[in-house]
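Asker: Starting off with a structure, shown below.
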Amino acid sequence: MKFLVRERVFDIGDDYWVTDEEDRKVFLVDGKALRVRTTFELKDTEGNVLAVIRKKLFKVRDQMRVEREGGASATVRKRLVNPVRDKLTVEVEGAPDWEVVGDFLGKEYVISDDHGTVAHVSRKWFRVRDTYAVDVNTHRHDVGGDPALVIGVAVAVDALTDGDGDD
């Protein structure tokens with residue numbers, strides 16, 4: 001299932017909708033402007049918080065935590081310098097770790113684990129400005145098929161790799 005996510009073009013405090021392929025609103029990404037650290041809430045269309053995505057402070061490597069309400073949570077970590085390819089690791093509670101590999105600034109990357117592809121992120125699928133698609137493998141019967149967790153990880157990847165130089 002493909003979801004459309006607006007890039008984090010502006011600063012924290014901006015809210016934006018994640019839509020499905022038929023342009024129906026599915027999730028709201030609510031940027032929290034008055035927080036000391038980068039924080040987003042992923043909400044459903046009724047305003048219920050499904051996940052809180054926040055940058056962890058005072059860590060050697062940048063990382064963001066996706067705290068899932070009623071589901072598995074995950075921590076997205078930048079790897080130490082790797083000159084060959086962009087790569088992040090995602091520690092998922094109660095499941096094998098995920099690996100995120102590809103071109104983060106170009107929004108062309110794959111999230112996978114030992115069982116295969118969790119999601120494919122691509123700017124090429126949709127020609128909407130400042131938007132990329134997250135194709136979640138919803139046929140999986142584990143946490144990899146949880147769209148809210150996967151969208152939360154994609155938002156965390158976007159926040160960690162936005163290229164603003166504040167690493």
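Asker: Which of the residues belonging to the stretch 134-149 are closer than 14 Å to Val66 by Cβ, open to solvent by 30 Å² or more (accessible area, probe 1.4 Å) and assigned to a strand (DSSP E or B)?
Answerer: If the condition is that a residue be closer than 14 Å to Val66 by Cβ, open to solvent by 30 Å² or more (accessible area, probe 1.4 Å) and assigned to a strand (DSSP E or B), then no residue fits.
Asker: While we're on this one: Just wondering, is there one or more residues in the stretch 122-133 that are at pLDDT 90 or above and either within 12 Å of the chain's Cα centre (by Cα) or part of a loop (DSSP other than H, G, I, E, B) (or both)?
Answerer: First, pick out the residues of the stretch 122-133 that are at pLDDT 90 or above: 122.
Next, only the ones that are either within 12 Å of the chain's Cα centre (by Cα) or part of a loop (DSSP other than H, G, I, E, B) (or both) stay: none.
No, there is no match, as no residue in the stretch 122-133 is at pLDDT 90 or above and either within 12 Å of the chain's Cα centre (by Cα) or part of a loop (DSSP other than H, G, I, E, B) (or both).
Asker: Given (1) modelled with pLDDT of 85 or more; (2) under 26 Å from Thr131 (Cβ atoms); (3) touching a Lys or Arg at 6+ places or on another chain (Cβ under 9 Å), where does Asp86 come up short, assuming only one miss?
Answerer: Only one criterion is unmet by Asp86, namely (1).
Asker: Could you pull out the residue among Gly165, Gly94 that is at pLDDT below 85 and either on the phi < 0 side of the Ramachandran plot or not basic (Lys, Arg) (or both)?
Answerer: Gly165
The values are calculated or read from the model by the stated rules, or taken from the named source; none is laboratory data. The structure displayed is predicted, hence computed values, not measured ones. Neighbour counts run over all protein chains shown; Cβ positions are idealised from the backbone, glycine included. Please note that ligands, DNA and RNA were not included when accessible areas were found on the heavy atoms of the full protein model with its side chains. Shrake-Rupley method; radii C 1.70, N 1.55, O 1.52, S 1.80 Å.
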